[in-house]
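Notes follow the structure.
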């Protein structure tokens, strides 16, 4: 079998796409009519709320898909003792694929993260009545890189049902994505409940302090799906190359396949036996 040969003359050439067969499919210009204003809000506040991205029917369909997958309540206060979760959604339903690669989200990701960024986790979360507020945290705190710094990850939380101030809407501290390592939330900091109707998403930097809100209702729950993404040179929260069977990977879109790790961060991070990981799927 003939091999495509790509000329490499110096070390700088290694940090470009030198693949001969499995060229990068990462976009750099996903359409984004609102991307400049979205990015401005994100830079200022650390988060931006995008309303009306899902229809009422789409929300019902996602709710129907994830409802039987939700497990028992959490094992600790962070997961939530009155909160149900469903992990590894890609192996269990195709119902959430559309939000993972929603064009409005991709337009932001393409400008915030390096090409071939990865999906870090995808889960459904239902906060039930009586849940306490989750302790405040920032999502990429697991990466030991000093702050202040640019975010190494970003998150989306999609409202599948309405988010209200009483039923557990996500709480954020605007501007906290700029804090340094020594700064911690105090009672003096402004905390904002991200109230938004079903079909909306809050998109926020991995450096933003936030947490699930308390559900102070007697009989209401709020359902969300969260998709999180990280730089292509970082380890994702979920090892999708282990949790997602190859048969499933073959069925998802090229965008999602790439975000699962079937891609290369130049020059060869992510390779399998010295070759592009897509070779093990037997697809082009």
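List of remarks:
- Taking region 61-104 and a reference point 7 angstrom along Cα→Cβ of residue 41, the backbone N atoms nearer than 19 Å belong to 99-104.
- Space enclosed by the convex hull of the alpha-carbon atoms of region 25-263, per residue, Å³: 122
- Normalised contact order of the chain, rounded percent, pairs of Cα under 8 Å and 6 or more residues apart: 26
- Helix 56-66 and the long axis of the chain differ in direction by around 80°, with both axes built from C-alpha atoms.
- Here is how the number arises for the chain: DSSP H runs of 4 or more residues each give -39500 (n - 2.57), the sum is divided by the residue count, and the result at 222 nm is -4500 deg cm²/dmol.
- Considering only 47, 262, 143, the Gaussian network model of the chain with Cα springs below 10 Å gives its largest mean-square fluctuation to 143.
- Overall form of region 182-240 per C-alpha gyration tensor (a/c, 1.5; a/b vs b/c): oblate
- Projected label distance in nm at residue 254 and residue 218, using a 7 Å step from Cα toward the beta-carbon: 5.5
- Computed from the C-beta positions of residue 186 and residue 78 and an R0 of 22 Å, the FRET efficiency is 0.60 to the nearest 0.05.
- On Cα atoms only, tilt of 35-45 relative to the major axis of the chain in degrees: 50
Quick note: the coordinates plus some simple rules give every number you see, no bench work behind them. Since this is a predicted model, take the numbers as computed values, not measurements. All Cβ positions, even for glycine, are placed from backbone atoms using ideal geometry, and neighbour counts span all protein chains on display.
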